[in-house]
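Below is one structure, written out as structure tokens; the observations come after it.
The values are calculated or read from the model by the stated rules, or taken from the named source; none is laboratory data. Note that the structure is predicted; figures quoted are calculated from it, not measured. Here Cβ is always computed from backbone atoms with ideal geometry, including for glycine, and neighbour counts include all displayed protein chains.
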Amino acid sequence: MKLGAFEELVLLAIGALGDDAYGVTIKEILKEKTGKKPSIGALHSALYRLEDKEFVTTHEGGATAERGGRRKKYYQLTSYGIRILEEANELRMAFSRNIPGLNLKTQE
Amino acid sequence: MDRKSNIPPKLAQWLLLRFLREDYAEEVLGDLDEKFYSVSQKSTPLKAKLNYWKQVIQYLRPFAFKRSKHSIRTTMLHHYLKVSWRNILRSKGFSFINVFGLAFGLTASVLIMMYVLDEWSYDKHHVGGDRIYRIASESDTDKWVAVPAPVGGAIKESFPEVETAARLVRIPGFETILLKGQKAEKQFFETNVFYVDSTFFDVFTYDFLYGDADALSKPNTIVISDDVATKFFGDANPIGEPLTIGLSFGDFIYTVTGVFDRERYKSHIPANVLLSMDNNDIGSWVKQQQSWIFNGLFHTYVKVRPGTDSEAFERKVDNLYQAEAGEDLEQAGFTKSLYLQPMEDIYLHSNLGYEVASNGNMTYLIIFSSIALFLVVIACVNFMNLSTAKSEQRAKEVGLRKVVGAFRSSLVGQFMMESLLMSGLALIITLILLQLVTPYFNGLISRELSLWNMPIVLVLLVGLTFASGIVSGLYPSFYLSSFGPAAALKGSLKNSYSAKAIRQGLVVFQFTISSILILGVILINQQMQYLSSQELGFDKSHKLILPLKTGESIQNSELLKSQLRSNSEVQQMTVGGVYPGIELVTDMLFFAEGKTSQENVDIQTTYVEGNYIETLGIELLKGRTFSSEFKSDTNAVVLNESAIKALGYDVESALGKQVYYALNGERYAMRIIGVVADYHFESLQHEIEPLALLISPAFSGPTRYFIMDVQSASYTSLVQSIERVWDEVNPGSPFQYSFLDADFERNYRKEMLTMQLIQSFTLIAIVIACLGLFGLAAFTAERKTKEIGVRKVLGASVGQVVVLLSSEFARLVLIAVVIAAPIAYFMMDEWLNEFAYRIEMSWWVFLVAGLIAMTMAILTVSFQAIKAALSNPVKSLRSE
């Protein structure tokens, strides 16, 4: 199963947010970490794809006034999602070790 | 802060909901709202609104779109298609009958439509064609489509409304002439040769491949068709090349100045070769033609200026003629008036004396069009009948669909789809059939028709197919879908009397048409039989005709006779100006003893040489035939019975009496030496007219035919041996021959062809009607399975059951026959009136036609009835 670059970022954001990952917070944290402002459409598109690929699960939260009485949809990493992030990370590591002059600080 | 401005923009929200998938709406709208409020708090509401809009617009991504209504429709369409296809497959026989019935009907009617359209296309291409008229004449005895030579020029000079005028002269016997190229081996007989004025191409539009409309402006010029050009010059440009025409009085050189595409346009003038009338062969004869009343051999066409009142112009033309010719007419003792024929109507409507060539016939066209219409209607009616009958069995399906929640519209769609699918299949089969059949049809009618060249027919075909699909889909889709689910499920639809009445009405209608066609075929057959069994008054069998087209062959005819005398298979020989069955245009005004030249009789004249009467086997009633022993025979005449009566003589006492004719004010006397029985010297469409056979060279026209009475076991070898003798005697003239009976029958080729076509199409119509009946009978038998079962259990015999099932259809067919009889009577009476010798319709013909229709119907139905009656009642009753 492939994981796109933006999808990976979104997945990381969901993981970082823990129990408070829903549309607006994910958008905020992405803006904070990357400095780019993804549109809600782009974000939702990635979220639905991640959901389809079963990297995340969703559950609905309570309605709030600032959302015009609508429910939040919370996202949470699945174990499959965690593993796909690990795999992506390992792949990057394995590749970058072989690049001479590229100095990477790793946990190893 | 204004409360109103502090909410997300409604329009953007509405827009978003228009395209956003329903299951995403909650989350997306929630996120957007939350974002909106946070932005509007951090900065301004306006910025929040703009941002909202931006986000909404950026949401226009494929993943978020609704699965549109269209895609739901596609799904349903797919479903309909699947169900329709299964329905078609479930009853294969029925579907086969239905689809093929329609396809056969459409194929046949498309063929006819192509033919009819082709006939319509004649002379529709001429520039300003609606302003072209032909001057025709009407005398006491007949209508004649050509006029004397001076008429055309006089009209052109006298009336300013005439834009241009042109004459065409067709000399009988000269339509086929010998054309010679420069090399000796290049010589061919060409048909349809006409002499025309230099203005001919100003009146008529031709598609020139080489040369232009000025082609015939110089003397001794010739314009040929592309076929002729290829024969003589191959692919080279023939402009300026010489061509020699060989006539009975010499060879004449012409220069090619134009080549036209013959196939491009169709005209009542089927020219292959057009010669300038200003020439060295008949040119001087043409110039001598100053008489306003004699030699009406010039087909005269005028093109009037736009806006000319044709009726007023016609009166002017006739007034001019009466002013110029009145005196001569009075002196000659007959009347003649001129009238106009619209050129575009000539091909289909004019079948008068001395046509340029054999024309089409509106009556036949109407007959054909009616048959085409009948076929389409029968096929479509069948299609509808079978479809509706079949659909009633599906009441339960309709009920169930309704219970499950089908809308009426979707049921309508379902049935429409099904019937359109069937008609679509029929269309495909029709197109395939047409591809296969068109070459044979073309061979039969000797045309080059193609569906792809006739977009109108193609459009009509497609339109008709789908129209019949829609109409036959209408009944089940609207009628069945109108029922409540409970009624439909209970099956109360089975008793829908209105549907049954419609179906019965359609069966009656179909069989009415079929019966009319059957009657038509029987009567046409009878008429043709009658014609071919007519006493012709001469012996048409075993007569070999050699046309003498060259001066050489005419001079050597006596030599040829003496050479052939040694051939025992040649029994009699003669030479004549014409022979029976070909056109005879020479006539003379004769008057009897004691009468004035005004009290005359129009008698057809034929130049003959000795032995003519014997060779053709014409019955001599009184007196003797021509003989070289009598020197005075140049003043002798043999008349037929009609002529004797018309002159007021009596057959018994006519011998030795004189008849007179006046020419240029002088009176000439002829002595009657013999009387022959009336014989058909023209085709049987004409009544026998007064005829004079003359040996005097004064009556000889330009044509000569060598006529032989032959008896042989092998006509091929006989013709070969005659050809050898011919080649010895006439080395410079190609050998040509024909048989008299074949030539005579050529006059009926059109009738024969029409009969063949009508017969085949009638057969198709009957087959289609029976196919429909077969399907309906099967349907009825199926519906009555239980009834039949119960009846058999209670002791009904097979015969009784068959009668039960067949009687209903027999009754319908009987009604149809009764309706058809009077219609057919009037139609056929009209057709028979075209013949001078016609049959009378007898009552038994109608009985026979009725019996045929009835037998066909009963055979068709009883097949199903017997099948149903023989089935084991246990099978049909077990289920309850």
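Tabulated data
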item	result
Residue, nearest to A:G68 (Cα to Cα), within segment B:26-49, restricted to residues that are within 13 Å of chain A (Cβ to nearest Cβ) and surrounded by fewer than 14 Cβ atoms within 10 Å (Cβ to Cβ)	B:Q41
Verdict on A:T58 being polar (S, T, N, Q), within 14 Å of chain B (Cβ to nearest Cβ) and not in a helix (DSSP H, G or I)	yes
Verdict on B:L179 being farther than 30 Å from B:A332 by Cα, outside the structural domain of B:S391 (by TED's automatic domain parsing), surrounded by 21 or more Cβ atoms within 10 Å (Cβ to Cβ) and not charged (D, E, K, R)	yes
Restricting segment B:691-712 to residues that are under 22 Å from B:G173 (Cα atoms) and assigned to a loop (DSSP other than H, G, I, E, B), the residue that is nearest to the chain's Cα centre (by Cα)	B:T703
From the options B:F511, B:F466, residue that is aromatic (F, W, Y), in contact with a Gly (Cβ under 9 Å, 6 or more places away or on another chain) and more than 30 Å from B:G617 (Cβ to Cβ)	B:F466
Verdict on B:V790 being assigned to a helix (DSSP H, G or I), aliphatic (A, V, I, L, M) and farther than 24 Å from B:T855 by Cβ	yes
Search result, residues across segment B:1-52 that are more than 23 Å from A:Y22 (Cβ to Cβ) and among the aliphatic types (A, V, I, L, M)	B:M1, B:L11, B:L15, B:L46, B:L50
Test: residue in segment B:481-494 that is under 30 Å from B:F826 (Cβ atoms), out of contact with any Asp or Glu (no Cβ under 6 Å at 6 or more places or on another chain) and at pLDDT 75 or above	no
Segment B:3-49, residues that are small (G, A, S) and not in a helix (DSSP H, G or I)	B:S43
Scope segment A:8-48; condition over 20 Å from A:R71 (Cβ atoms), more than 11 Å from the chain's Cα centre (by Cα), within 14 Å of chain B (Cβ to nearest Cβ) and in contact (Cβ under 8 Å) with a residue 12 or more places away in the chain; matching residues	A:P38, A:A42
Exclusive hit being closer than 25 Å to B:L548 by Cβ and either within 46 Å of the chain's Cα centre (by Cα) or in contact (Cβ under 8 Å) with a residue 60 or more places away in the chain (or both), set B:V638, B:V651, B:V659	B:V638
Exclusive hit being surrounded by fewer than 18 Cβ atoms within 10 Å (Cβ to Cβ), on the phi > 0 side of the Ramachandran plot and at pLDDT 85 or above, set A:E32, A:E54, A:E28	A:E54
Checklist (1) farther than 23 Å from B:K287 by Cβ; (2) modelled with pLDDT of 90 or more applied to B:R134, failing item	(1)
Positions within segment A:61-88 being within 9 Å of chain B (Cβ to nearest Cβ) and within 14 Å of A:I14 (Cβ to Cβ), in sequence order	A:K72, A:K73
Residues within segment B:826-858 that are part of a helix (DSSP H, G or I) and touching a residue at least 60 places away in the same chain (Cβ under 8 Å), tallied	14
Tally of residues being surrounded by fewer than 18 Cβ atoms within 10 Å (Cβ to Cβ) and more than 19 Å from B:S472 (Cβ to Cβ) across segment B:388-405	5
Scan of segment B:330-368 for residues that are over 21 Å from B:N192 (Cβ atoms), among the aliphatic types (A, V, I, L, M) and either modelled with pLDDT under 85 or in contact with a Phe, Trp or Tyr (Cβ under 7 Å, 6 or more places away or on another chain) (or both), ordered by number	B:A332, B:L338, B:L340, B:I367
Failed item in (1) within 23 Å of B:L29 (Cα to Cα); (2) part of a helix (DSSP H, G or I), with A:E87 passing the rest	(1)
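For (1) out of contact with any strand residue (DSSP E or B) (no Cβ under 8 Å at 6 or more places or on another chain); (2) at pLDDT 90 or above; (3) small (G, A, S); (4) in a strand (DSSP E or B), each residue gets a yes or a no:
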{"position": "B:D602", "(1), (2), (3), (4)": "no, no, no, yes"}
{"position": "B:T615", "(1), (2), (3), (4)": "no, yes, no, no"}
{"position": "B:T625", "(1), (2), (3), (4)": "no, no, no, no"}
{"position": "B:S628", "(1), (2), (3), (4)": "yes, no, yes, no"}
